[in-house]
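Working notes, beginning with the structure itself.
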Amino acid sequence: MVEEKDPEGGLRLRGVTVAYDGVPALADASLHLPAGEVLAVLGPSGSGKSTLLRAVAGLEPLTAGSVAFDGADLAGVPPHRRGFALMFQDGQLFGHLSVGRNVAYPLRLRRTPRAATRARVGELLALVGLDGYADRAPGTLSGGERQRVALARALACAPRLLLLDEPLSALDRALRERLAGDLSGILRTAGTTALLVTHDVDEAYAVADRVALVRDGRVVQEGAVADVDAAPRDAAVARLLGYPHVVGDRAVRRTAFTLAAGAGGACTGTVLHARATSAGRRLLVDLDGVGPVDVVPLPGTPEPEPGERVEVHVDPTGTAPLGGPGR
Ligand SMILES: Nc1ncnc2c1ncn2[C@@H]1O[C@H](COP(=O)(O)OP(=O)(O)OP(=O)(O)O)[C@@H](O)[C@H]1O
């Protein structure tokens, strides 16, 4: 039998508005994060993602709406009484404390007995893959290691909700990709309900079960990652999800265009030039009615010259219909 989740369990925002000096940075935001799941809040810079997270944490007063957890309204509950933990882009470790003492810090604040603290710190360091690091000084760690320590510290008191604000954005791409996978595993193992703010779709997809898209202070689409990815609401949402192009009524990924062998391509265009990319050689083609797109050339055939008219095939697996439900 499939267990039914309490529909009011987890985090629920209803019509949340936050204004700075009378100007709303977040307007009428509603979303639901079921207990035990991870929700990515994805949006461009300045769209209101951090404001949303701060409103949930209780760090910004609401102009309108409500934030509730497990069905209980949090109005009037100060940040430190919400049972939430926060982690930022720069993990903000205490430089003068060892790794072990950083992780133990929230436990000591709660006067956890020494032996229990030691055991918990060992467990948390193992969880984040830093067994044996307890005596290291934060200054001797790599950026990725520091973020793991910050994560262990955030999880120390088993928060009922973990709020992550761009936790990986300070790291380089390769490390970010690896840590996103690790973060997903750690959150699943710990069974933590988490809200992750990010502007990176790959990070959102690697870590989260659900995604909420924020634009101009509004939650414009929300749902399970697979559902949202399969049907972005409009071209702007599609762009955030890694579909930079629109052909007809479909959003198209950068990688979906290939040169058609002979006639019969879905689109026509004019070759601008050929260029090397990290994914291999590409033709930049000015697609009629669409604009410049990267096209995979046909192996083993002469490359068309700039100015030549070509037919281009669109791989349907790299496309999605626009017009999905909002929220
Ligand atoms: N304390 C503040 N006072 C005034 N305006 C603010 C304040 N904090 C944020 N804003 C404004 O509110 C809007 C949303 O900011 P917010 O930080 O929530 O965006 P964001 O999506 O998290 O952006 P980024 O990805 O760049 O961090 C922006 O226009 C920002 O300038």
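The values are calculated or read from the model by the stated rules, or taken from the named source; none is laboratory data. Note that the structure is a prediction, hence the values are computed from the model and not measured. Counting neighbours? That spans all protein chains shown, and the Cβs are built from the backbone with ideal geometry, glycine included.
Please work out if Leu164 is assigned by TED's automatic domain parsing to the domain that holds Ala116 and within 16 Å of the ligand (Cβ to nearest atom).
In short, yes.
Pairs, please: C-beta under 7 Å, at least 6 apart or cross-chain, first residue within 23 Å of Gly242 (Cα to Cα) and in the stretch 254-275, second part of a helix (DSSP H, G or I)?
Going by the 7 Å Cβ cut-off, the qualifying pairs are Thr255/Gly318; Ala256/Gly318.
Considering each of Gly22, Gly36, Gly15, Gly58 in turn, give the residue that is on the phi > 0 side of the Ramachandran plot and within 18 Å of the chain's Cα centre (by Cα).
Gly36
Within the stretch 197-234, count every residue that is surrounded by 23 or more Cβ atoms within 10 Å (Cβ to Cβ) and either outside the structural domain of Pro167 (by TED's automatic domain parsing) or among the aliphatic types (A, V, I, L, M) (or both).
10
Among Leu179, Leu155, Leu175, Leu161, which is the only one that is of a type in the set (A, V, I, L, M), closer than 17 Å to Phe84 by Cα and in contact with a Gly (Cβ under 8 Å, 6 or more places away or on another chain)?
Step by step, each of Leu179, Leu155, Leu175, Leu161 is checked, and only Leu161 is of a type in the set (A, V, I, L, M), closer than 17 Å to Phe84 by Cα and in contact with a Gly (Cβ under 8 Å, 6 or more places away or on another chain).
Residues checked against (1) more than 22 Å from Gly223 (Cβ to Cβ); (2) within 16 Å of the ligand (Cβ to nearest atom); (3) not hydrophobic (A, V, I, L, M, F, W, C):
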| residue | (1), (2), (3) |
| --- | --- |
| Leu13 | no, yes, no |
| Ser30 | no, no, yes |
| Gly76 | yes, no, yes |
| Gln89 | yes, yes, yes |
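When the residues of the stretch 177-196 are narrowed to those that are buried (at least 22 other Cβ atoms within 10 Å of the Cβ) and more than 20 Å from Val149 (Cβ to Cβ), which ends up farthest from the ligand (Cβ to nearest atom)?
This residue is Thr193.
If you take the residues in the stretch 119-136 that are surrounded by fewer than 17 Cβ atoms within 10 Å (Cβ to Cβ) and touching a residue at least 12 places away in the same chain (Cβ under 8 Å), which one is farthest from the chain's Cα centre (by Cα)?
The selected residue is Asp135.
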